[in-house]
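Asker: Take a look at the following structure, please.
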Amino acid sequence: MSRINRKLKIIAITGFVLLLWIGSTSAATIVVSKTSPACTSGDDYYRSIQAAVDNAEEGDEIVVCPGTYREYIIIDKSVCIQSYSGAPDTIVEPYDPLLSGFQVMSDYVTIKGFTIKYGPSGITLHGVNHCNILNNAVSGSTLGGIILNSSFNIILTNNSFYNNNVGIFCSFSFNNIIKHNVIKSNDLIGISLFSSNGHNLIEENIVSNNRHGGISLYYSSNNTIRNNTVNANDYDGLKLDSSNHNSLSDNTANLNSEAGIRLSNSNHNTIDGNTANSNGDYGIEVVTSNYNIIKENTITSNRGGFHLDRNDEDSMINCTGSNNNRIENNVVSNNRKGFLLSSSCNNTLKNNIVPNNIEGIGLSVSCNNTIRNNVVSSNLKGIILEYSSDNNIIENNIASNNYGVGESGIHIDGSEKNIIKDNIVNSNNGYGIHFFLARNNCLNNNIISSNNFLGIYGLL
């Protein structure tokens, strides 16, 4: 036999042995059933989920037949655990109330299609990556329905979390996806992120009737929250606290007992395209938060529309509130107050539509703000400055048809050194522009017509 033929034969034999080895190590299907015969066929059979995990190899699939399994399940290898027929008839309850349902301690784990009840948490993931949690129903957990700690690239989808302490809790966890879940009637918060700084996506969830808020981020930055329905929660619908560089877009936050969306001590966030209607407090409230962009939101029928403010413990002086924010292209209607800026400076309100509120735009103890190109019409009161001095610019606004008895299109009260120019002020039920104890303000090139009282009136 030639040397070449010998080499070819060796290669062929080696390849055959390799194929045999690959075949011998392919994933097995392990079936868990409390009864015999089992609900489906498999390579091996066990009575408990934990026994199946203990005897599985990396990459195996564990199929669980219907029944109630009173277990504390520790998953320490990469396996897929799924119910045969879905969550309603495949139930996991820990045998000890101090133990969770599933404890995930390995990467690349899938848990699919279980009802998980009681214990501190339904599912806990600690220090793991690339796990999928889907189609589960988790209830009655005393800490959290699911807890992620120092875990990355986790996908939570199509689960329901109800009547837990917290629905979903993530701490020190990044690059996770929370999508298409229903989180309702939990004792505290629906979804909570704590110190989770990086590219978590919270998308298309329904978060309702939770007793201490819908979605809350604490010390968490660079996350995206979009297309969620966050309605009828006690306290705030969406809340950012000490959280920066997040994006909140296209969410619906209605009928919450306090604010629809609240920012507190949070900077450089973008709040874009959200709907905040019929909330018990403001539609959007920004407290001691700077450099945020708030645009193209619809804010209707709340106690207040939009509020820039300070923390309660801060003194009521200029610039202790929220500064350097851009608020533009919003529709704010049918609220008690449309926009209110309190103790806030260097903000820009631009291109907003503000009809049918009790007060359209109000500044209180605020300076160096720019109010430009807004339409403030059909309110009880139009644009109001109270004790707000030093270079507030009121420019190119339309202040018209504000109907309160004796109320003006623009009212300046106790405020000095402001610039009011290029506005259209017409058809208001009081004065066009009214000054009360207000000196040294600059008026230039305003069009003032058809107001019920004088066009400009001042008591200096």
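We did not get these values from a lab; they are worked out from the coordinates using the rules stated. Just so we're clear, the structure is a prediction, and the values are computed from it rather than from any experiment. Because the Cβ atoms are built from the backbone with ideal geometry, glycine has one as well, and the counts that use them run over all protein chains shown.
Asker: Where Lys and Arg each count +1 and Asp and Glu each count -1, what net charge lies around residue 76 among other residues with Cβ under 11 Å from its Cβ? Kindly include the intermediate steps, with their values, before the conclusion.
Answerer: On the way: positive: 77; negative: 54, 58, 107.
Taking every other residue near residue 76 into account, the sum is -2.
Asker: Starting from the Cα-Cα distance between residue 48 and residue 70, subtract it from 0.36 nm times their residue separation and give me the gain in nm to one decimal. Don't skip to the answer; put the middle values down first.
Answerer: Numbers: separation 22, 0.36 × 22 = 7.92 nm, distance 0.89 nm.
Full extension of this stretch gives 7.0 nm more.
Asker: For the chain, what is the calculated [θ] at 222 nm in deg cm²/dmol (nearest 500), taking -39500 (n - 2.57) for each run of four or more DSSP H residues and dividing by its residue count?
Answerer: Values: 2 runs with 29 residues, N = 460.
The helix-only estimate for the chain comes to -2000 deg cm²/dmol at 222 nm.
Asker: Let me ask you something else. Please give me the summed charge of the neighbours of residue 329: other residues whose Cβ is under 13 Å from its Cβ, Lys and Arg +1, Asp and Glu -1. Intermediate values should be presented prior to the final figure.
Answerer: Working: positive: 295, 326, 350, 372; negative: 272, 296, 328.
Taking every other residue near residue 329 into account, the sum is +1.
Asker: Excluding residues on the same chain fewer than 8 positions from residue 417, give the aspartates and glutamates whose Cα lies under 14 Å from its Cα.
Answerer: Once the sequence-local aspartates and glutamates are set aside, what remains near residue 417 is 386, 390.
Asker: With mean projected area of the Cα convex hull in nm² defined as stated, name the option among (1) 45.1; (2) 24.0; (3) 29.7 computed from the structure displayed.
Answerer: This structure yields the entry labelled (3).
Asker: In terms of Cα to Cα distance under 25 Å, which lysines are near enough to residue 239, apart from those fewer than 8 places away along the same chain?
Answerer: 179, 184, 295, 337, 350
Asker: Now a separate question. Could you sort 282-292, 447-457, 221-231 so that the peptide with the highest average Cβ count within 10 Å comes first and the rest follow in order?
Answerer: The most tightly packed comes first, giving 282-292, 221-231, 447-457.
Asker: With everything on Cα atoms, drop me the angle between helix 3-24 and the longest principal axis of the chain, reported from 0 to 90° to the nearest 10.
Answerer: Taking the Cα atoms of the chain, the angle to 3-24 is about 70 degrees.
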